[in-house]
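Colleague: Dumping the structure here so I can ask a few things about it.
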Amino acid sequence: GYPMKIIAKPESQVLHMVDANEKHVGELNYMVKDQKMIITHTGVKSEYGGKGLGKDLVGAGVDLARENNWKVKAYCSFAKHYLKDHQEECADVIDEKE
């Protein structure tokens, strides 16, 4: 893999993924409402596709939710699939009404 870095920007409710040269690679956008983190979009630049980076972004989102005691709800289909595939390890943060 590539040494990607994820930078949280809570003030703009986004997680930015950058490469070793600080070049933008992808992002995860979310909203927080009633202690719920609603993931609205996950995107990775096409030239970085297929490397599992989107999964890393959603994983970072889940970690952020955990740190803040938020539940996670996915409006973005990519994040929805991720939560479905990782039900057990994300059980503590998945919103039951998902």
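Colleague: If I go through the stretch 52-62 residue by residue, how many of them are surrounded by fewer than 14 Cβ atoms within 10 Å (Cβ to Cβ) and either among the β-branched types (Val, Ile, Thr) or on the phi < 0 side of the Ramachandran plot (or both)?
Modeller: 0
Colleague: Can you name every residue in the stretch 41-57 that is in a strand (DSSP E or B) and out of contact with any Cys (no Cβ under 6 Å at 6 or more places or on another chain)?
Modeller: Matches in the stretch 41-57: GLY43, VAL44.
Colleague: Is at least one residue of the stretch 79-87 among the acidic types (Asp, Glu) and part of a loop (DSSP other than H, G, I, E, B)?
Modeller: no
Colleague: With respect to LYS84, determine if the residue is more than 17 Å from ILE6 (Cα to Cα), surrounded by 12 or more Cβ atoms within 10 Å (Cβ to Cβ) and touching a Lys or Arg at 6+ places or on another chain (Cβ under 6 Å).
Modeller: no
Colleague: Kindly provide the set of residues from the stretch 52-90 that are of a type in the set (A, V, I, L, M, F, W, C), touching a Gly at 6+ places or on another chain (Cβ under 8 Å) and without any contact (Cβ under 8 Å) to a residue 40 or more places away in the chain, ordered by number.
Modeller: Answer for the stretch 52-90, where residues must be of a type in the set (A, V, I, L, M, F, W, C), touching a Gly at 6+ places or on another chain (Cβ under 8 Å) and without any contact (Cβ under 8 Å) to a residue 40 or more places away in the chain: VAL72, PHE78.
Colleague: What number of residues in the stretch 43-87 are among the hydrophobic types (A, V, I, L, M, F, W, C) and farther than 16 Å from HIS16 by Cα?
Modeller: 6
Colleague: Just to be sure, is ASP34 touching a residue at least 40 places away in the same chain (Cβ under 8 Å) and of a type in the set (Asp, Glu)?
Modeller: No: the conditions fail for ASP34.
Colleague: Of the residues that sit in the stretch 43-65 and are of a type in the set (Lys, Arg) and over 12 Å from the mean Cα position of the chain (by Cα), which one is modelled with the lowest pLDDT?
Modeller: Restricting to residues being of a type in the set (Lys, Arg) and over 12 Å from the mean Cα position of the chain (by Cα), the top hit is LYS51.
Colleague: While we're on this one: Just need a number here: residues in the stretch 4-35 that are open to solvent by 50 Å² or more (accessible area, probe 1.4 Å), within 16 Å of VAL58 (Cβ to Cβ) and assigned to a loop (DSSP other than H, G, I, E, B).
Modeller: 1
The values are calculated or read from the model by the stated rules, or taken from the named source; none is laboratory data. Quick caveat: nothing in here was measured; it's all calculated off a predicted structure. Reconstructed Cβ throughout: ideal geometry from the backbone, glycine too, with neighbour counts over all protein chains shown. Ligands, DNA and RNA are excluded from the accessible area calculation, which covers all protein heavy atoms including side chains. Shrake-Rupley method; radii C 1.70, N 1.55, O 1.52, S 1.80 Å.
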